[in-house]
Amino acid sequence: MRTKSSYLKPSLTCFVRLGATAVVLAGVSPLLADEKELPAAPMAKPDAQMQLVLDELAALNGKPVNELSAGDARKQPSPADAVEKLMKKQDKSQEKVDTVDNITIKLSSGDVKGRIYRPASDGPFPVILYIHGGGWVLADLDTYDATPRALANAAQALVISTDYRKAPEHKFPSAHEDCFGAYQWTLENAGRFKGDAKRVALVGESAGGNMAAAVSIMAQAKGMQMPVHQALIYPVANVSMDTPSYRENAMAKPLNALMMKWFFDQELANPTTDSTDPKIALLKAKTLKGLPSTTIITAQIDPLRSDGEMLAKKLQADGVTVNYRNYEGVTHEFFGMGGVVDKAKDAVGVVASDLKDAFAGRPATASTLEK
């Protein structure tokens with residue numbers, strides 16, 4: 001793990017070689033030799049609260065996942081571990097909800113684990129299907145426990161958090177199919193848990209944001225009931241890494257460019273064809289017209305920031321109402337850190353407000369985006 005002093009400084013020369021799945025950093029061997037070198041912009045500094053989390057993460061002495069097997073990568077400490085450690089130091093506890101129940105979601109591909117979070121009020125509740133991140137390879141319901149808790153309370157909704165099959169054992173489109181299956185399951189079973197199946201929204205983080213959007217695309221293609229809203233938190237929207245934020249944040253923590261290449265290597269069964277499939281390369285879709293109103297949250301110090309911004313612009317150009325917010329001074333994974341990072345609380349509040357509007361049938365909030 002890098003300490004604060006090892007983050008990129010404006011005076012440090014670093015080059016990023018960017019292609020479909022390629023990066024070159026100072027001191028790192030080229031991954032593709034036929035791409036031109038582009039100077040990286042200086043990386044922004046984390047704000048004080050974000051830096052405390054990064055310091056705790058560095059102190060956990062994890063190894064770079066891109067140098068490990070998937071099995072060993074899954075054993076490394078996560079940002080959630082760093083937040084838990086910091087919260088203990090600050091004498092804080094996890095956010096409480098009324099009830100939390102572990103469930104089994106039965107899919108055609110097999111059973112996956114699920115977890116239901118209920119707020120302290122009477123139902124029937126509007127429903128959020130939450131899809132966690134982890135690059136399609138890492139993490140589980142426990143790693144991403146904080147976000148469903150926060151959303152259940154802030155949006156006063158029943159939150160169903162779903163797991164899915166992981167790469168490389170199960171490559172694309174396995175996880176996407178599981179998440180779509182979980183959406184179908186939610187529509188059919190929400191009533192069993194005091195949920196209103198007519199008011200179902202999607203929320204996903206990172207790879208989960210990618211899959212949440214893919215679920216909407218798949219539901220539309222099948223002529224199914226559409227989500228009333230989708231909130232995509234720093235989503236993966238393309239396999240190409242040739243973007244401003246990949247250059248600026250090539251060496252960022254907790255997510256950097258080499259990690260993203262590793263995730264794509266694990267996930268894609270056939271990089272040539274999979275990298276153009278609009279279920280994973282959302283920006284390759286011919287049109288996103290007809291998708292639900294969308295909230296997109298990005299972080300300044302994140303290779304995926306440009307993905308989220310470009311997706312917001314494409315959605316808006318295709319006639320979808322989009323509320324896009326970028327948070328400065330924070331990194332990838334900040335959204336679930338509301339216990340120690342105030343900007344995470346604000347971001348959850350934005351998403352919850354948009355969800356409440358959608359659940360109530362009110363007009364969605366729209367951002368003005370530069371073309």
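Can you tell me the equivalent ellipsoid semi-axes for region 55-164? Use √(5λ) from the Cα gyration tensor, largest first, whole Å.
27, 21, 9
Calculate one ³J(HN,Hα) per residue across region 233-245 by plugging θ = phi - 60° into the Karplus curve 6.51 cos²θ - 1.76 cosθ + 1.60, and present them in order as whole Hz with x for glycine and proline.
Running phi through 6.51 cos²θ - 1.76 cosθ + 1.60 with θ = phi - 60° gives 9, 5, x, 6, 10, 7, 8, 5, 10, 8, 9, x, 6 Hz.
Local charge sum around V239 (other residues, Cβ-Cβ under 14 Å, Lys/Arg +1, Asp/Glu -1)?
Numbers: positive: K171, K261, K279, K284; negative: D242, D265, E267, D274, D277, D307.
Charge balance near V239 sits at -2.
Want the number for L283 to K222: 0.36 nm per residue separation, take away the alpha-carbon distance, what's left?
19.9 nm
Divide, for region 107-239, the radius of gyration over alpha carbons by 2.2 N^0.38 Å, where N is the residue count.
Dividing the Cα Rg of region 107-239 by 2.2 N^0.38 Å gives 0.96.
If amide hydrogens are placed 1.01 Å from N in the peptide plane, which non-local residues have theirs closer than 5 Å to the one on A197?
G191
What is the gain in length, in nm to one decimal, between D346 and D318 on full extension, counting 0.36 nm per residue of separation less the C-alpha to C-alpha distance? Provide the component values of the computation, followed by the final result.
Details: separation 28, 0.36 × 28 = 10.08 nm, distance 2.78 nm.
Gain on stretching D346 to D318: 7.3 nm.
Within a Cβ distance under 14 Å of A285, other residues only, what is the Lys/Arg minus Asp/Glu net charge?
Charge balance near A285 sits at +3.
Apply the Kirkwood formula to region 193-290: the hydrodynamic radius equals the inverse of the mean of 1/r over all pairs of different alpha-carbon atoms; give it in Å with one decimal.
This gives a value of 14.8 Å.
Relative contact order for region 216-278: what percent, with Cα pairs under 8 Å and sequence separation of 6 or more?
21 percent
Return the long-range amide H neighbours of I128 (sequence gap of 5 or more, or a different chain), with a cut-off of under 5 Å between placed amide H atoms.
Correct list: L158, V159, I160, A201.
One-quarter of the Cα convex hull surface for region 99-360, in nm²?
About 12.3 nm², averaged over all directions.
What is the extension gain from S93 to D122, computed as 0.36 nm multiplied by their sequence separation minus the C-alpha to C-alpha distance, in nm to one decimal?
Separation in residues times 0.36 nm, less the Cα-Cα distance, equals 8.0 nm.
Using θ = phi - 60° and the Karplus relation 6.51 cos²θ - 1.76 cosθ + 1.60, list the HN-Hα couplings for region 145-162 in order, rounded to whole Hz, with x at every Gly or Pro.
Taking θ as phi minus 60°, the curve returns 8, 5, 4, x, 4, 5, 5, 4, 6, 5, 9, 6, 9, 7, 10, 10, 8, 10 Hz for region 145-162.
Taking the DSSP beta bridges in region 69-162 as the whole, what percent of them are antiparallel, to the nearest 5?
Taking every DSSP beta bridge with both residues in region 69-162, the antiparallel ones total about 70 percent.
Using θ = phi - 60° and the Karplus curve 6.51 cos²θ - 1.76 cosθ + 1.60, what whole-Hz ³J(HN,Hα) does each residue of region 46-59 get, with Gly and Pro shown as x?
x, 6, 4, 5, 5, 5, 4, 5, 5, 5, 5, 5, 4, 5
Could you pull out every residue, at least 5 positions away or on a different chain, whose amide H is within less than 5 Å of the one on T295? Hs are placed 1.01 Å off N in the peptide plane, and Pro or chain starts have none.
Those lying under 5 Å, H to H, from T295 are Q230, A231, L232, N323.
In deg cm²/dmol and to the nearest 500, what is the mean residue ellipticity at 222 nm of the chain if only DSSP H runs of at least 4 residues count, each as -39500 (n - 2.57), divided by the residue total? Before the final figure, lay out the partial values.
Details: 11 runs with 120 residues, N = 371.
Result for the chain, helices only: -10000 deg cm²/dmol.
Just so you know, all these numbers are worked out from the coordinates, no wet-lab data involved. The structure presented is a predicted model; accordingly, all values stated were derived computationally and were not measured. Reconstructed Cβ throughout: ideal geometry from the backbone, glycine too, with neighbour counts over all protein chains shown.
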